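Read through the structure below, which is laid out as structure tokens, and then see the notes.
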Amino acid sequence: MLLINTEQSHAPSVPLVHLGVLRVSGVDAKAFLQGQLSNDLERLTPARSLLAGYHNPQGRVVALLRLVQQEDDDLLAVAPRDLLAPLMERLRRYILRARVRLDDASEQWQVTGVLSDDAMTRAGGALPLQLGAYSTRALLLTPRQSDGATSSTDAALQLLWRQRAIAEGEPQVWAPNSEAFVAQMLNLDVLGAIAFDKGCYTGQEVIARAHYRGRVKRRMQRFVTGDAAVSLRCGDSGTFSDGRPFRVVDAVPVAGGGYEFLAVTSLPGSASDAAMRGDATEAERHAGTGGGAAMDAPARVHAQSLPLPYELPV
């Protein structure tokens, strides 16, 4: 890919005001996060960002973080703003004697989405984060001006950013879905957000059990519905016309009515969710349904399956 200077790029970009920045600093910053997150922090370098999940002890995803390294002992993590405070509260419980500090740095950094798959280099204090092998987008962290002003937001570009994320099968965990899904239900194993060869971290036992002892039967998949009467948002639940319950990860409206969306549901060819509960993997039984009673919502949605850019394990 072409290397471009972030100050010279003319790729369309959009301020992502819904995303905040967590700063993790101190000589034990990496070691501390290594024991908390699903990815291997040894893979994080100034030239390589990482996607990682923070999970509860049942293996359910509390939040997804995009990590970038400023210095060896100074890391930044991009996550939804509304999850930063509870995330920091949870993480602080485990600091103990570690020499690490957690700060909400959202007012110091502007998070911008870049609608280009060109690789970016650091320039002018900006920190680029590539979003993985399947993405045609990137994130850019730029120090805010002293007045704290933010760029205006183009609604059409915001919608395009979300549609691209859905088409690329990239999950985000917003507050309505925090602790709703086991890691593999969001395809984090396929997206390289889980390191199965690293040491212990919160939720590892359940995540490893799902990987080594049985297939995860509910996975995030991509759909479109042309039903103008249907309204879908993150966390909404329903039932497809074939009887499979689903829970929405994210959704965007499409022209002419209806929505394109990512949803966690049974894999094609599997038994219905109700029948599956008696045939779930050990990990799924241990973690629970990941959707509670909402997965049994009676509303029916007629939707067409759309391809993802990656293959799901079968």
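All of the numbers you see were taken from the coordinates with simple rules; none came from a lab. None of these values were measured; they are calculated from a predicted model. A quick note on method: Cβ atoms are made from the backbone with ideal geometry, for glycine too, and the neighbour counts reach across all protein chains shown.
Given the peptides 239-246, 134-141, arrange them by the average over their residues of other C-beta atoms within 10 Å, most packed first.
Going from most to least packed, we get 134-141, 239-246.
Can you find, among Thr45, Pro57, Leu115, the residue sitting farthest towards the positive end of the charge dipole of the stretch 15-167, where Lys and Arg contribute +1 and Asp and Glu -1 at Cβ?
Among Thr45, Pro57, Leu115, the one farthest towards the positive end of the dipole of the stretch 15-167 is Pro57.
In whole percent, what relative contact order does the stretch 15-167 give with Cα contacts below 8 Å and a gap of six or more residues?
26 percent
Provide the per-residue ³J(HN,Hα) series for the stretch 229-237, in order, calculated from phi with Karplus coefficients 6.51, -1.76, 1.60 and θ = phi - 60°, each as a whole number of Hz, with x at glycine and proline positions.
Rounded to whole hertz, the list is 7, 8, 10, 10, 9, 3, x, 5, 10.
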